[in-house]
Amino acid sequence: MIVVTGATGNIGRRLVGRLLAEGASVRALTRDPERAGLPSGAETVRADLTDPAALGPALSGADALFLNLAAGGGDAGPAIVEAAVRAGVRRIVLNSSIAVTDGPEDDDNFVSRMHSVAERAVRASGLEWTFVRGGAYAANALLWAEEIRESGVVRDPLPDAVTSPVHEDDLAAVAAVALLDRTGAHNGQAYVVTGPEARTRAEQVADIGRVLGRPTRLEVAPAEQVAEERATPVLPKEALLELFSLFATTVGTTPPITDTVQRVTGRPARTFAQWAQDHAADFR
Ligand SMILES: NC(=O)c1ccc[n+]([C@@H]2O[C@H](COP(=O)([O-])OP(=O)(O)OC[C@H]3O[C@@H](n4cnc5c(N)ncnc54)[C@H](OP(=O)(O)O)[C@@H]3O)[C@@H](O)[C@H]2O)c1
């Protein structure tokens, strides 16, 4: 049985669907099963992963674990790994980040620090592991949904920051292959998973407009102001400012583009325009 943390999230929901379609037995974790809307084929279990007492029951009987640090936060990561070892889990697929480089600079910012701490805990666990080091998510554009719905104008400090946005379903597809693997080929692999092409933030906003069939544009606004307006308890202002600083370093660069999705799943990675098409309803 495979336990999926963050099962209602961008990646988790896709992953649950993919694992069920492959005939796997799935336990989907959420803090609110009534609101989760998860498929009936999955065993949906209530668990707040910041509560140490929830971890044992959530993991009991599991062979494999998909660990997403969005579910419970970075601090919960090592505790969840320890609980997985105690519960007899054999394999962990960790949703990590391209920001992890395995060098001392991993301590330099919030994103790489959180994921590298979890990676170290997983490596030290003695379990089989695969890291899915995702590049910038296409789904980050959902933060613009309200502005696009209301005015078509996105206020953002970094029009020229450039990434290779990756579709959440491509991340889920790579994770599913690693979780279901019977060959050992994915054990001990740190996969950098990106989309297939470079897109600036201004280009992403324009891509969404093309899918909607109406004009959209990015208007430059100060980072401080945007971070203040977009801050949430999960992504506080300071973290957003760190993310903007990270994105600022990409201006004028060529972002990494990997063939991991094709190699691992046998299908090409989807473009940002395809992602926007899949999410058109979020922006209408
Ligand atoms: N954004 C990027 O560009 C990027 C790039 C690389 C890596 N990452 C990493 O990817 C992760 C985000 O993945 P995602 O987009 O799939 O996540 P997501 O859509 O934000 O979903 C996270 C899920 O976690 C659950 N959750 C939150 N707090 C919880 C708690 N205390 N206990 C149990 N469950 C909890 C929520 O489910 P319920 O409400 O149902 O409980 C939520 O659906 C982050 O760790 C981020 O650092 C992001």
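Nothing in this text is a laboratory measurement; each read-out follows from the coordinates by a stated rule. Computed from a prediction, not measured in an experiment: that's the story for all the values here. Cβ: placed from backbone, ideal geometry, glycine included. Neighbour counts: every protein chain shown.
Between Arg31 and Thr183, the contour length at 0.36 nm per residue exceeds the Cα-Cα span by 51.3 nm.
Distance from the alpha carbon centroid of the range 92-134 to that of the range 25-65 works out to 23 angstrom.
By the Stokes-Einstein formula, at 0.692 mPa s and 37 °C, the chain with its Kirkwood radius over alpha-carbon pairs has D equal to 169 µm²/s.
Under the criterion of Cα pairs below 8 Å and six or more residues apart, the relative contact order for the range 2-134 equals 21 percent. Counting every alpha-carbon pair across the range 146-188, the share separated by more than 14 Å comes to 69%.
Packing, taken as the mean count of other beta carbons within 10 Å per residue, orders the peptides 108-116, 9-17 from highest to lowest as 9-17, 108-116. Simple point charges give the picture: +1 on the Cβ of Lys and Arg, -1 on the Cβ of Asp and Glu, and for the range 2-134 a dipole about the Cα centre of about 420 debye.
Subtracting the Cα-Cα distance of Leu143 and Arg86 from 0.36 nm times their residue separation leaves 16.7 nm of extension gain. Using C-alpha pairs under 8 Å with a sequence gap of at least 6, the mean separation divided by the residue count of the chain gives a relative contact order of 17 percent. Rg over Rh for the range 2-134 works out to 0.96, both radii taken from alpha-carbon positions and Rh defined as the Kirkwood radius.
What the Cα atoms of the range 123-209 give is an Rg and a Dmax of 16.8, 52 Å.
Taking packing as the residue-averaged number of other Cβ atoms within 10 angstrom, the listed peptides 259-272, 89-102 run from highest to lowest as 89-102, 259-272. Between Glu43 and Arg113, the contour length at 0.36 nm per residue exceeds the alpha carbon distance by 22.0 nm.
The simple spin-label model puts a point 7 Å past each Cα toward its Cβ; for Arg263 and Ala124 those points are separated by 2.9 nm.
Annotation: peptides 196-206, 26-36, ranked by per-residue average of other Cβ atoms within 10 Å with the highest first, follow the order 196-206, 26-36. Dipole of the range 2-134 computed with +1 at Lys/Arg Cβ and -1 at Asp/Glu Cβ about the Cα centre; of Gly74, Ile98, Gly88, farthest Cα towards the positive end is Gly88.
Determine the dipole magnitude for the chain: charges of +1 sit on the beta-carbon of Lys and Arg, -1 on that of Asp and Glu, nothing else is charged, the reference point is the Cα centre, and the result goes in debye to the nearest 20.
840 debye
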